[in-house]
Each structure stands twice: as structure tokens, then as C-alpha cells.
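Bear in mind that the values in this text are calculations on the coordinates, not laboratory data. Computed from a predicted structure; not experimentally measured. Virtual Cβ from ideal backbone geometry, glycine too; neighbours counted across all protein chains shown.
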Amino acid sequence: MSEAAAVDTQRNGYSGENLLETRNLKMHFPIKAGVLQRTVGHVKAVDGVDLQIRKGETLGLVGESGCGKSTLARLILRLLEPTDGEVLFEGEDILRYDRKRMLGVRRNMQIIFQDPYASLNPRMSVGNIVAEPLKTHNVSEGAERKKRVQELLEVVGLSPEHYNRYPHEFSGGQRQRIGVARAIALNPRLIICDEPVSALDVSIQAQVVNLLQDLQKEFDLTYVFIAHDLSVVKHISDRVAVMYLGKIVEVADRKDLYGRPRHPYTASLLSAIPVPDPRKERERQRVVLTGDVPSPANPPSGCPFHTRCPRAQDYCVENVPPLEPQETEDHRAACFFPVKEGQRIEEPATSTPYRVE
Amino acid sequence: MAMLEVNNLKTHFKTQDGVVKAVDGVSYSLEPGETLGIVGESGSGKSVTALSVMQLNPKPPASYPEGEILFGGQNLLEVPEKRMQQIRGNDIAMIFQDPMTSLNPVFTVGNQIREAIRIHQDLSKTEANEKTVQVLTDVGIANPEQRAKEYPHQFSGGMRQRAMIAMALSCNPKVLIADEPTTALDVTIQAQILELMVDLQEKYGTAIVMITHDLGVVSQLADKVMVMYAGRAVEHATTDDVFYDPLMPYSWSLLRSLPRLDTAGEVRLLPIRGTPPSLIFLPEGCNFNPRCPFVKDECLRIDPALEEKKPGHEAACILSVEEIEQNKSRVDQELGVGT
């Protein structure tokens, strides 16, 4: 690392533990209307996200549709220019990078998309699809490149003979493998998996999940795993962050988040998932949230969850809860009245607001 | 007497490449107030089974070479279309997966529900209006008078599905077929819809056929489960039997391939190898043999029929119960699954 870069990282308070960090990241999409296309409002898709992604971990990112998960993923990769905030990759703010330096960073950050049908160009052969990142970054050439692509195909469980075939000849699960091969082609450090198994049949999901886990071990990858299926996220993640209306409402170690959720939203999400265990299902007490997710164009005042929260007080309507540590530094939740151990979510909170005098 | 009885139903589609046996000999019966879960991957014939009961498969290409669907003493495969129109929506109603495409965007929601009511019941316009508002209230839509005048695009996904349920239940059907009713919805909304369906079932005693690929939803709602693979029922038993003691390797593999909230992260998933077979070129012998973890030589030759392996527990596998149990515990030990 050059001296200038070292000074730069120091300035950002970079500890070396986090591969990627976002600070107060915001993405407000303008809503345009009328003949003059004037901006009449903003969709606050991502609204102030502070997130740390540690080296070698899998960070799960969950939330309902429209909560900003995918937008956050695109901001991290700088596929979208954020309205405000910083994205630090190894301590350096990549939002200040020019095109050329950005290209260098992109080598280390890749993405796997949700829809294996839409994310592969139907006119390109599988070989060309997987070779494209190598071509963009001028890695290897000719026969050597072809050999590398065939290697990659083997790594993800396809056959090297598939090189000259086209995407339509493959099933959904196989296509997702092609997407994975493309993502790992440049030996990246970070892969963002944006709902990689949601479009797949249940029997195929496990194949892709196991493949991702094997690759992580083999190539020392860091994953951000976005999904709305909380069981899959629990299976693959080390830490999990829960998003609601463009904000992180809770982030914790996997065991803590699933075992001792503090935020009422996390707790009710967990109670809403049906488990494939009929006896447990019969005994379960479910907290059914009322209403829908509010529109991010017109989010509620105060805590974004107060409109659906069974514990909400007047205080929550007026004040925005910060994402604060709970029992441990690693378990953070943005709630004034967090759910305590053994407490039912519907029990109205009687205590004074958390950490507020 | 069973409310709905399907016997050896076969639904075949003629295509340029050959005959697709989308449903190939499926039987089940449904009692009043009971819920049957039909589970399977896409292309396993779940939806075609449902559409056959509703007689909604276009003929041609669909044909029903064999079987019968008995409802109220009549075989629905033989009743004239006029009579079928009286049954459809009135006695047997259906909820589809995607509420956006199953509602007409150019009519108000109230208008569409009223249409269903007026076709089947002899009510005046004002009476039908009142009934519309009442069913919308039943499914928990706030401000129903106003909402009835709105168009589907003004409804959120969960509310559209509520409106679909309101429409389906407006004529108090005896049988409700729900084809992946919550697949397009978020979990918190899914929980709302499933709770609503259970409440309405208790209130009206409706029999429900719940089609889904989500084993969690099935274990929450179903009394009995039928697992389908490549157009056939491969296991059919009570929900507890299928989940705790599956006797068909496919059902068992499905359960082992799913991450579960209680064991997730500690147990490695057991994927099912390969992909579902093409319905035109089915494998020799058992349909599942190329993907089966317990496959034997005989499986490549013998095509097993659905037979009773334990009392009330049917499965289609040539392996004996003991062989299946041994195989299951062997693989479970390798995976580290505690029983």
C-alpha cells in the first residue's frame, strides 16, 4: 500500500477487519411529473445505511419486497450513484474513484442476479458469457482464456463441453451456475448474491446453496447474500441484517438475530415464516402484522415501522430510533422499545424509551 | 360421503413433440372442512390437476383419456359446459397465484366481485352491492364501500389477493382450490392471507385444496398431503406422516434439501441431483430413478404404483418400508441430522 493510501485509510478510521463499509448511504430516486418533468418528490429507496461487511463472512440481508435490498446492492457496486454517503472498500471511498480506478475495484466485486433467465444474454454462447469479465479486464487471451473458462465451468459443476452451447439449452439451476462462474471468473473478494435461489425450484435451490458455500471455502470469498427467504439466509449467513423501508432495523450474529430478535419487525418476520414441521406449526403463536409496507415515497414520520408495530407508542411517531447496540456491541437494533428475552411482541412496552432520558 | 372425489384422473396434452402426460393417474378425495395440500415442483402437474377439476384446460390440446371427477354425484368430466358454468365459481371456486393478472384491470374490484355474485345468485343490483361490501369486509379490507369502487392497480398485492379470496368466497363454495395463493406475496402478507383462509374455512366449512411448493405452508394448513412428481402422486398420507415418516425417497429428499429455521446453518443441505424429467421423455422404470438417492437396479425397470405401505399411508416406491428406513437413517447420520 502506498504512503498516501495509508494516510487515507487512517483518516477513514479503517480497522482492516471490514472488507466493505457503507456510511450513511442514501439513494433517493426523484419522482418526476407533469409536462416539464419537474421533481415532485423522492422515493427514499435507501435512506441512511451504515453497514459493515467483514472479511470472509457471509452477511445476509433480508426484508420484504421494496425495502431497498437490491438498491443497496447496486449502490455497493456503484452500479447506481448514491445521493449521499460513502462506500468504503478496504477503507477507501470508491465513490470518489474515476472510471479507470473503479474498473480496478470492480474486479474485486461481483454480483449474481436473481433471474437466471434475464441475466444471461441469449445470443452469447456460455463460453463467451463466462469469458466476458476476463475480456473486459484483459486477463489471459486466446487458448489460455478458453482453458480458464472451461476450468470455471468445471468448478461450478458444469461440463467443459458446455462451452459452445447457448443459455436456452440449460435449466434454471444450470443457468444460475453459469452466472456463478461468471462472477468468480476474476477471483473477486466480494460477491453480492441478489436473491440467487429465489427463482429456482426447491429441489434445485440446495444445489446452488451448497455450491456457493463450497466456493466460499475454496476461494476465501466474502458474500452479501440477499434473500427474502429467512430460512435460506439463516442457513448460509454468519451475520444477518434486516431492512425495512430503506433502513437497517436490526443487525446481529445469526444465532442472536434468530434466537433473540430485539426489533419487533424482526420478531414478527420470524414468526410469520411457516416451518415445514406440522407439530411445531400447530403450537406456534404467530404475530400477524396488520397492513402493508408503507410507500417509500412517503415514509411515516419517526420510526418507519410504527404504523404496523404492535408495541408502538406516541414517542415512536415523533422520533427516529438510531441503530444502537443492545446486549453486545455486535447486536444492533433501531428500536426505542426492543423486545426483551421471553417477552411477547404484542405486550405493550411499559419501560421508558431505550437509552432516552 | 366425500365432497369431491378424483379417481385415476389423466390429463394429457397433445403437442408437436408428442403427448405430454401432465397428469397421469391421480386420485384423491376431500371431506367437508378438510384441507388437502398438493406439493411438487413446477411442472409436476399440480396446477393442471386443479384446472382439470375446474374444467379450465383448453380442449384441445387437453384431453382426459381416463378417470373421473365426482362432485355432488356427477362426473365433472362428462357434464355439459352449461352445467359446469353453474358449478364453477359457485360450488367450486379457485384462487390463482398472481392476483394482478387474474383481476381485470379495466373494471373496478367491486364490479368484478358483483359479476360473480350476480351470475350465480338471484340478487338485485343493490343486494349484490351489499353482498360485495360484506365479502370485502369479511376478508379484512378496510373501508370496503370506497375500496369496491377502486381499480386493481390501486390495491397492494396482499389486498388484491384478499379481493380474489372475497370473489371466490362470495358464493359460499363447498370446495376452494387455491393455486399457490401466497407465492407472490411477502411473508408478513402471506401470514395474513393464510390466517384469513383458516378463519373463513372454520366459518363456512369449506374444503380446501392447497397447491404449493412451500412445505412450510402445507404443514401449517393441510390435514392431508399429496406429493406429486412428473404428473403422478408419489406419496399420499396425513401431513404428519409425510413430514415425519416420508416413505417415498422424493418427499424425503425434498425435506432434506430445504434449509429449516431450527437447524439452518448446522446441517449441510442434501441437494436432489439433476433436474425434473421432461414429461414427454420420461425415464424407464421409476420416474424418479435418475435423481433418487436410494436407487436400486430394479428401479430402472419397474415403474412402481402408488400402494399402501402403512395403514393410510400410500407411497410409490418398490423399496420396502425397512429398506427406506435404513437408507434414511444412513444418510441422516452422514449429514449429521439428529432425529
* Structure fact -> The helix B:109-120 Cα axis meets the longest alpha-carbon principal axis of chain B at an angle in degrees, between 0 and 90 and rounded to 10, of 90 degrees
* Structure fact -> Taking a ≥ b ≥ c as the square roots of the eigenvalues of the Cα gyration tensor, with a/c under 1.5 meaning rounded and otherwise prolate when a/b exceeds b/c and oblate if not, the protein assembly as shown is oblate
* Just in region B:41-110: which GluC sites (Glu not before Pro) are loop by DSSP and have at most 16 other Cβ atoms within 10 Å? -> B:E78
* To do: Could you go through region A:76-88 in sequence order and give the Karplus-derived ³J(HN,Hα) for each residue, using 6.51 cos²θ - 1.76 cosθ + 1.60 with θ = phi - 60°, rounded to whole Hz, and x for Gly and Pro?
  => 4, 7, 6, 7, 10, 8, x, 6, 7, x, 10, 10, 9
* To do: Rounded to whole Å and sorted largest first, list the principal axis extents of the Cα atoms in region A:130-214.
  => 39, 29, 19
* Asked: Which whole number gives the average count of other chain Cβ atoms within 10 Å of the Cβ atoms across peptide A:262-275?
  -> 4
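If the only charges are +1 at each Lys and Arg Cβ and -1 at each Asp and Glu Cβ, what is the size of the charge dipole of the protein assembly as shown around the Cα centre, to the nearest 20 debye? Don't skip to the answer; put the middle values down first.
Details: 78 positive and 93 negative charges, 396 e Å.
For this selection, approximately 1900 debye.
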* **Most positive-pole-ward Cα, A:F219, A:A45, A:A199, against dipole of chain A from beta carbon charges** => A:A199
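Evaluate peptide A:226-234: per residue, the Cβ atoms of other protein chains within 10 Å of its Cβ; return the mean as an integer.
Values: counts 0, 0, 2, 5, 4, 9, 4, 3, 8.
Rounded to a whole number, the mean comes out at 4.
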* Asked: What 222 nm value per residue comes from the helices of chain B, counting each DSSP H run with n ≥ 4 as -39,500 (n - 2.57) and dividing by all residues, nearest 500 deg cm²/dmol?
  -> -10000 deg cm²/dmol
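Please give the peptides A:169-178, B:149-158 ranked by average Cβ packing (other Cβ atoms within 10 Å per residue), highest first, as a rough proxy for protection. List each step's numbers first, then the result.
Working: A:169-178: 20.8, B:149-158: 16.1.
Ranked by mean Cβ neighbours within 10 Å, highest first: A:169-178, B:149-158.
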* Structure fact -> Isolated cysteines for chain A, Cβ-Cβ cutoff 4.7 Å, are A:C67, A:C193, A:C309, A:C335
* In sequence order, what are the phi-derived ³J(HN,Hα) couplings for region A:138-151 according to the Karplus relation 6.51 cos²θ - 1.76 cosθ + 1.60 with θ = phi - 60°, rounded to whole Hz, with x for glycine and proline? -> 6, 9, 6, 8, x, 5, 5, 5, 4, 5, 4, 4, 5, 4
* Structure fact -> With +1 on the Cβ of every Lys and Arg and -1 on the Cβ of every Asp and Glu, the dipole magnitude of region B:126-217 about its Cα centre, in debye rounded to the nearest 20, is 180 debye
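Starting with the highest mean, order A:194-200, A:131-137 by the number of other Cβ atoms within 10 Å, averaged over the residues of each peptide. The partial results should precede the final answer.
Values: A:194-200: 22.1, A:131-137: 16.6.
The most tightly packed comes first, giving A:194-200, A:131-137.
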* Asked: How about region B:280-336: which chymotrypsin sites (Phe, Trp or Tyr not before Pro) there are in a DSSP loop, with at most 10 other Cβ atoms within 10 Å of their Cβ?
  -> B:F281
* Asked: How far, in degrees from 0 to 90, does helix B:321-335 lean away from the longest principal axis of the Cα atoms of chain B, to the nearest 10?
  -> 90 degrees
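Rounding to the nearest 20 debye, state how big the charge dipole of chain A is about its Cα centre with +1 on each Lys and Arg Cβ and -1 on each Asp and Glu Cβ. Please report the intermediate quantities before stating the final value.
Numbers: 47 positive and 48 negative charges, 166 e Å.
It works out to roughly 800 debye.
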* Asked: Taking B:K14 as the anchor, which lysines have their alpha carbon closer than 30 Å to its alpha carbon, excluding any fewer than eight residues away along the same chain?
  -> B:K46, B:K59, B:K82
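Based on the Cβ-Cβ distance from B:E145 to B:R301, what FRET efficiency comes out when R0 is 60 Å, to the nearest 0.05? Working shown, then result.
Details: r = 65 Å, r/R0 = 1.09.
So the FRET efficiency works out to roughly 0.40.
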* Can you grab the distance from the C-alpha centre of region B:247-320 to the C-alpha centre of region A:136-187, Å, no decimals? => 30 Å
* To do: Would you mind giving the mean number of other chain beta-carbons within 10 Å of the Cβ of each residue in B:253-259, as a whole number?
  => 6
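Based on the alpha-carbon gyration tensor of chain B, what equivalent-ellipsoid semi-axes (square roots of 5 times the eigenvalues) come out, in whole Å, largest first?
Output for chain B: semi-axes of 37, 24, 17 Å.
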* To do: Report, in degrees rounded to the nearest 10, the 0 to 90 angle that the Cα long axis of helix B:125-138 makes with the longest principal axis of chain B.
  => 40 degrees
* Asked: Near the amide H of A:L20, under 5 Å away, which other amide H atoms are found, from residues 5 or more places off or on another chain, if H is placed in the peptide plane?
  -> A:I53, A:E90
* To do: Quick one: which residues, 5+ away or cross-chain, put their amide H under 5 Å from the amide H of B:C317? H built at 1.01 Å from N.
  => B:E307
